[in-house]
1. Which number in (1) assigned to a loop (DSSP other than H, G, I, E, B); (2) under 20 Å from A:Ala162 (Cα atoms) marks the one condition that A:Ser112 misses?
2. Taking the stretch A:73-90 as the search range and keeping residues that are among the aromatic types (Phe, Trp, Tyr) and facing chain B (nearest Cβ under 7 Å), which one is surrounded by the most Cβ atoms within 10 Å (Cβ to Cβ)?
3. Counting just the residues of the stretch B:345-360 that are among the charged types (D, E, K, R) and surrounded by fewer than 22 Cβ atoms within 10 Å (Cβ to Cβ), which one comes out nearest to the other protein chains (Cβ to nearest Cβ)?
4. Contact list please: Cβ distance under 6 Å, first residue in the stretch B:53-70 and within 21 Å of A:Trp347 (Cα to Cα) and at the interface with chain A (Cβ under 7 Å from one of its Cβ atoms), second residue part of a helix (DSSP H, G or I) and modelled with pLDDT of 95 or more, pairs at least six apart or on different chains.
5. If a residue has to be of a type in the set (D, E, K, R) and over 20 Å from the mean Cα position of the chain (by Cα) to count, how many in the stretch B:548-563 make the cut?
6. State whether the residues of the stretch B:444-462 include one that is within 30 Å of the chain's Cα centre (by Cα) and in a strand (DSSP E or B).
7. Which ones in the stretch B:89-140 are of a type in the set (Asp, Glu) and farther than 22 Å from B:Ala450 by Cβ?
8. Only one of these is under 21 Å from the mean Cα position of the chain (by Cα), more than 14 Å from chain A (Cβ to nearest Cβ) and in a loop (DSSP other than H, G, I, E, B): B:Gly386, B:Gly319, B:Gly376. Name it.
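The values are calculated or read from the model by the stated rules, or taken from the named source; none is laboratory data. The model shown is predicted, which means the values in this text are computed figures rather than measured ones. In this analysis, Cβ positions are derived from the backbone assuming ideal geometry, glycine residues included, and neighbour counts consider all displayed protein chains.
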Amino acid sequence: MNAPSPATATAPDAAGPAAEEESPIHILWINAGLSCDGDSVSLTAATQPSIEEIALSVLPGLPKIAVHWPLIDFECGPVQGADNFIEWFFKGERGEIDPFVLVVEGSIPNESIKPEGYWCGFGDDPLTGQPITTSEWIDRLAPKALAVVAIGTCATYGGIHAMEGNPTGAMGVPDYLGWDWKSKAGIPIVCVPGCPIQPDNFSETLVYLLHQATGAAPMIPLDDQLRPTWLFGATVHEGCDRAGYYEQGQFATTYDSPKCLVKLGCWGPVVKCNVPKRGWMNGIGGCPNVGGICIACTMPGFPDKFMPFMDEPPGGKVSSAASGVYGSVIRKLRSITMHTVDQEPKWRHPGEKLATGYRPPW
Amino acid sequence: MVAPTTKAAGDGSGLTEMSWDPITRIVGSLGIHTKIDFKQKRVAECYSTSSVFRGYSVFMRGKDPRDAHFITSRICGICGDNHATCSVYAQNMAYGVKPPHLGEWIINLGESAEYMFDHNIFQENLVGVDYCERMVKETNPGVLELAERTAAPHAGEHGYRTIADIMRSLNPIEGEFYREALQVSRYTREMFCLMEGRHVHPSTLYPGGVGTIASVQLFTDYLSRLMRYVEFMKRVVPLHDDLFDFFYEALPGYEEVGRRRVLLGCWGALNDPEYCDFTYRNMTDWGRRMFVTPGIVVDGKLVTNDLTEINLGIRILLGSSYYQDWEGKEQFVTHDPLGNPVDPRHPWNQHTIPAPQKRNFDDKYSWVMSPRWFDGKDYLALDTGGGPIARLWSTALSGLVDTGYVRATGHSVVINLPKTMTKPETSFEWKIPKWSNALERNRARTYFQAYAAAMALHFAEKGLAEVRAGRTQTWEKFEVPEEGLGVGFTEAVRGVLSHHMVIRDGKIANYHPYPPTPWNASTRDTFGTPGPYEDAVQNTPIFEENTPENFKGIDIMRAVRSFDPCLPCGVHMYLGDGKSVQKMHVPTGLSGMGG
């Protein structure tokens, strides 16, 4: 996506007159956390706006940007030769591209729980010939970044790879940098959870930050788990078109029933996510609204606090039995559960000891 | 310009070391490290390396088996649904459940949409860029000049007058075909979401079937989009034929780029619910009824299309990867349900024991293991060719598939597409190519997109017939046994996919998924046999016109990308030029090689 058009004209040798016009905001994208690249792929499905619309600054007020994104970058030259993709990250470290937004995809493994080697790397260190670990890149780049954005539940809270018994000590970016961390521009880590992200949720957050970077928008509003409040303020259940069945006490007993799935494992009542309302893409698809139990993939407590996924959530019995009763009782019961599942399990943290329950053979 | 930092290999060979790490325009992080002989214009050595370890087989132990498809979907962010599907197949076997036919047709429609989407975005927005005007201008200006003067033989079908016009349309963002393909990648994903809820990690897929509500509307919404895609493919197949044929003409010898011995594996895809009962006992039979026929093809000959035989031949070698051997550890499965002995190095018996260490190209250099297929004599380093070439080759040779829309002939696959908005009924025939090389892997991808669309027409007819007959159940109850065994076989978009599961005390005792990329990106194994990327890149001739200082390695990138790499891994190479090149004052990981 880099440099194919005026909007991303960042050819390294064009530092002359072009640079004096409007210098772009760079986006450095590291997809080499413990990830599946599903957030990168998901973003290509966005239509509100699409990646090409962001790249070409189609929405009013969008600044010129230059995206250094492994998934679709034109540049593919060798480390030792022309058009080397990884060079942009070294430039970011050296302060040669400013401002830049750092996007991190994937959870951050704990590299200090083992004597040597790496869990994940991104490019090689010219000094040692060994891969540069993802956490080292974060150490190098975060202090220089305008903002750090964690894309997907792995990068935000650890996600699947931070499951109990994992060997890598994986955690989210806020666990790694600290929950109170702020960029040099005073922006907290911006977390867009989802496994993967709902495509438009991310493209919209990116647009917000670009508008903020130009001074057009105020500080991005984030909740206590660092999520954009306008995207993650309501629960799945509040946006689900099967909630009517819930209200009527009609619960599915088979997965192919059109009724409320809460007794078959759906966690919708306590999960903060807008997917049933927004659809998965272009208004199509989703989770409980189309027959898929909500496994809570946007939540800090995912996956451990929701497994086994296909069993009825504890507390579901009480609240669904009382579903005729409106008001404070239900909301109170739910808020207790919600608070628990809105926190990460305790083993996701830095340090030299692995606390996931896995017994390291090294 | 960044000063080139090419360096001579430290082994006195006169070769130049070059590495690409991470490789862009693929999914995941792959590094390719090479030694290149610039004098002979050939790649001399190639090492493929992956730089990520996550540990699925480690953290899945002890979990509820019903969580397996939700978890394993997260292995891959572009074909996660293939994993979820494969896991559901393995669970169906272990639980002894057979989903209603309609549930199976819906899964087949979802998976067909995945092939249509994924091959399209990879072919046009990732691989296609290697053949776009801008890239060709920067690597082979002479070829671009020729392309400007070369009329496209199928201009009438796709609308581009010259080959250079095709190349221009593939320029990132600016090119109209590039942008159209991005849009196509979206409505095909909508088709997927109709059937399986969400892309890429499905929400409505369960062991026992799906939770999708099968209404008439579901099929109308799907079919409307599908017919747009069918029309699109009637332009795309001739477009890519023109483009790839041109490269053979413009650069004589280009068939050698990415070429390797024909050693292809396909595990079959898209079950026929009339025959598939998910029992291990009948697997050989229902495997042969799949809408993509399983098969192992060696030197152009079909070795087997028997899934049971394929299953028993799988071996996991560690070779140059960062793991401790599991020899002497507990063997979970000594015999399969038919009484055949199961090897200790089979995935059912594997223990994954990570051993993180420094990367050393003389010894251990990747997180990717070396899966091989044992034919009774040799441990074959099969590749998938990125999926389509193996699927079409295997299906063609077996000659078992015939739905009307698609027919396998024994030497080719005929794809019949019905009339669409502006184009008449059209047939394409994929013929077995002379080589397993970069261009043929890419060509097969385009044909397989048409194949998937044609199959989806069949599945939609079958599914709709169920709905019209009032058989709308899509899911069947099951119970998880205390002890059980399962295996799922399918084709991930980029090739073979297997999930092996052992259940004990109602929990997962062992779970080992083998996606295509470990096969393709595998490292030198215990016997020193290089993995397919390594093998295909080694001896690839260099056609790029740039000097070593401006070298992009486009021919190497075309060779690697033709496999549709999908993993956290890296590729590093060596270029050779005989004269001394700038020497870096510090060693790289490769400099220890040979010295």
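1. Of (1) assigned to a loop (DSSP other than H, G, I, E, B); (2) under 20 Å from A:Ala162 (Cα atoms), only one is false for A:Ser112: (1).
2. First pass over the stretch A:73-90, keeping only residues among the aromatic types (Phe, Trp, Tyr): A:74, A:85, A:88-90.
After this cut, where a residue has to be facing chain B (nearest Cβ under 7 Å) as well, the list is A:74, A:85.
Details: A:Phe74: 22, A:Phe85: 24.
Per the stated criteria, the residue is A:Phe85.
3. We begin by selecting, within the stretch B:345-360, every residue among the charged types (D, E, K, R); these are B:345, B:358-359.
Of the ones still in play, those that are also surrounded by fewer than 22 Cβ atoms within 10 Å (Cβ to Cβ) are B:345, B:358.
Values: B:Arg345: 19, B:Lys358: 6 Å.
It comes out as B:Lys358.
4. B:Arg54/A:His161
5. Residues of the stretch B:548-563 that are of a type in the set (D, E, K, R), as a first pass: B:549, B:552, B:555, B:558, B:561.
Filter again for over 20 Å from the mean Cα position of the chain (by Cα), leaving B:549, B:552.
The total comes to 2.
6. Initially, the stretch B:444-462 is screened for residues within 30 Å of the chain's Cα centre (by Cα), giving B:444-462.
Checking which are in a strand (DSSP E or B) leaves us with none.
For the stretch B:444-462, residues within 30 Å of the chain's Cα centre (by Cα) and in a strand (DSSP E or B): absent.
7. Keep residues of the stretch B:89-140 that are of a type in the set (Asp, Glu), which gives B:104, B:111, B:114, B:118, B:124, B:130, B:133, B:138.
Result: B:Glu104, B:Glu133, B:Glu138.
8. On the way: B:Gly319 fails: under 21 Å from the mean Cα position of the chain (by Cα); B:Gly376 fails: under 21 Å from the mean Cα position of the chain (by Cα).
After ruling out the rest, the residue left standing is B:Gly386.
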